[in-house]
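Undergrad: Please see the structure below; I have some questions.
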Amino acid sequence: MADNSKRAERGTDDTRRPVARTPRNPLFRGVDRAEARLHRLLVTLFLLAVPFVAVMGVSLYHDQQTMAADAVTSSSSVLATTTADAVAPVASDEFAAVTPTVLAPATWSSDGVKHVGSVPVAAQSPSGTEVTITVDADGRRIAPPPTGVDVVVVSIFGAAALLALVAIVLVIVRSVFARVYDRRRDREWDDAIARFLS
């Protein structure tokens, strides 16, 4: 009997212990609890967005790989020859460590057809300079296909941008609700002070 009574007392104490461990602060109002719940919700949403963004980054990586492979198969490299001297920019510094790149008129052949256009070469390159360019199926000069590093950089940047967008949206939501809670808190404090002084 004594043991049962002790167990009963222990059970009663156990049920009351959580309440005793979390005393309520009289200055912690309902608006403060609502703001704390909102903060926890927003943090949870951000943490849940991280794996979603990671999946999107992997999907973007595979898409970029496919695009790079398609670009390689649909393009080719040809040798272009400039037909005029490459003029240096007027504002360029002749003592600069890196030679600027400029566009110079050039010709190239693709599938036996001669093409005329502009190609990037180092400034002050003489006429007759040969440079390798990338052309499409019609022989038009295009940008070189993306490399593996380009694919990785674009994927990481895209995932980081998406995660930053999620964070910005959550911060904006937090700021909007913070103003609402602040106004409500000020009203409650004003009412409490008015009741205290009356």
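The values are calculated or read from the model by the stated rules, or taken from the named source; none is laboratory data. Please read these numbers as outputs of a predicted model, since none were measured by experiment. Side chains are part of the model used for accessible areas, which takes the heavy atoms of the whole protein and leaves out ligands, DNA and RNA. Shrake-Rupley method; radii C 1.70, N 1.55, O 1.52, S 1.80 Å.
Undergrad: Tell me, what % of the accessible area of the range 89-198 is carbon and sulfur with a 1.4 angstrom probe?
TA: Values: 4930 of 7700 Å².
Here carbon and sulfur together make up 64 percent of the probe-accessible area.
Undergrad: Does the range 36-92 come out rounded, prolate or oblate by the C-alpha gyration tensor, with a ≥ b ≥ c the root eigenvalues, rounded set by a/c under 1.5 and, if not, prolate when a/b is larger than b/c and oblate if not?
TA: Cα axes put the range 36-92 in the oblate bin.
Undergrad: Roughly how many whole Å is it from the C-alpha centroid of the range 41-57 to that of the range 138-154?
TA: 31
Undergrad: Rolling a 1.4 angstrom probe over the protein heavy atoms, how many square angstrom per residue are accessible across the range 85-198?
TA: On the way: 7950 Å² over 114 residues.
With all protein chains present, the range 85-198 gives 70 Å² per residue.
Undergrad: Using 0.36 nm per residue of separation minus the Cα-Cα distance, give me the extension gain between Leu170 and Arg33 in nm, one decimal.
TA: Separation in residues times 0.36 nm, less the Cα-Cα distance, equals 47.4 nm.
Undergrad: Which whole number in µm²/s is D for the range 86-198 by Stokes-Einstein, with the Kirkwood Rh taken over Cα pairs at 25 °C and 0.890 mPa s?
TA: 118
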